[in-house]
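Below is one structure, written out as structure tokens; the observations come after it.
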Amino acid sequence: MAKLYFRYGVMGSSKTAGALMVKYNYEERGQKVLLLKPAVDTREAPDKIVSRSGLWAPCRLFDEIYRLDVRDFDCVIVDEAQFLTKQQVRYLCRVVDEYGVPVIAYGLRADFKGELFEGSQWLLAWADAIEEVKTICWCGKKATFNARYKDGKVLRDGEQVLIGANDQYTSLCRRHYYEGNLGPGQRTGRQSDK
């Protein structure tokens, strides 16, 4: 039975690498995968998904799903699903319920202010299965916050979406997020000394 899966984690938790590995596993068994990303993800070429680890695969933009017969695919995988709209998440529910095609969506749960993204909100509400992709804070505890920083300080205001600014984000545990503690080196535009 097909399901809608939402696999969420903070930045740097290997969500994209996981999505690409799942795609590989399906294809290794001779199955056809539709790999998608929202158009707002402009970090790479529009037809490519690239993980921080260097894994990559060709993809399509999410809006192309409406012109395709999704029944031609054995699985739909969506990267950066936090950027989906409520209507797009509802359509993914239709893909699962009406066409019997499993959908696996990967994305952030919350932004740098700790607030839900629209896509994540509806995936959390409607997904059949919700799984956390875990990583750790500089202190070793589980990271649950995406901290945006500048000049060694955690930012609390600004636009929700800042694409391609990986050097301005780090993953923190709740305590260090609220303390504004970026750890050894205090991230002044370079990686932590830890």
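The values are calculated or read from the model by the stated rules, or taken from the named source; none is laboratory data. What you are looking at is a predicted structure, and each value in this text was computed from that prediction instead of being measured. Heads up, the Cβs are rebuilt from the backbone with ideal geometry, glycines too, and the neighbour counts pull from every protein chain shown. Ligands, DNA and RNA are excluded from the accessible area calculation, which covers all protein heavy atoms including side chains. Shrake-Rupley method; radii C 1.70, N 1.55, O 1.52, S 1.80 Å.
For the Cα atoms of the chain, what angle does the longest principal axis make with the long axis of helix 86-99, in degrees from 0 to 90, nearest 10? That helix lies at roughly 40 degrees to the long axis. Considering all different alpha carbon pairs of segment 1-145, the Kirkwood hydrodynamic radius works out to 15.3 Å. Measuring nothing but protein heavy atoms, the accessible surface of the chain at 1.4 Å probe radius is 46 percent carbon and sulfur. Take the Cα of ASP97, step 7 Å toward its Cβ, do the same at GLU131, and the gap between the two points is 2.3 nm.
Using the Cβ-Cβ distance between ARG67 and LYS141 with R0 set to 35 Å, the FRET efficiency works out to roughly 0.20. Between the residues GLY183, LEU4, CYS59, the greatest Cα displacement towards the positive end of the dipole of the chain, with unit charges on the Cβ of Lys, Arg, Asp and Glu, is found for GLY183.
The long axis of helix 15-28 is offset from the longest Cα principal axis of the chain by roughly 30 degrees. In this rough spin-label picture, where each label sits 7 Å from Cα along the Cβ direction, the GLU27-LYS113 distance is 3.9 nm.
Heavy-atom accessible area per residue, the chain, 1.4 Å probe: how many Å²?
Values: 10080 Å² over 194 residues.
Heavy-atom accessible area per residue stands at 52 Å².
Site pair LYS153 and ARG43 shows an inter-label distance of 2.7 nm when each label is modelled 7 Å from Cα along Cα→Cβ. Dipole magnitude for the chain: about 700 debye, using +1 per Lys or Arg Cβ and -1 per Asp or Glu Cβ, origin at the Cα centre.
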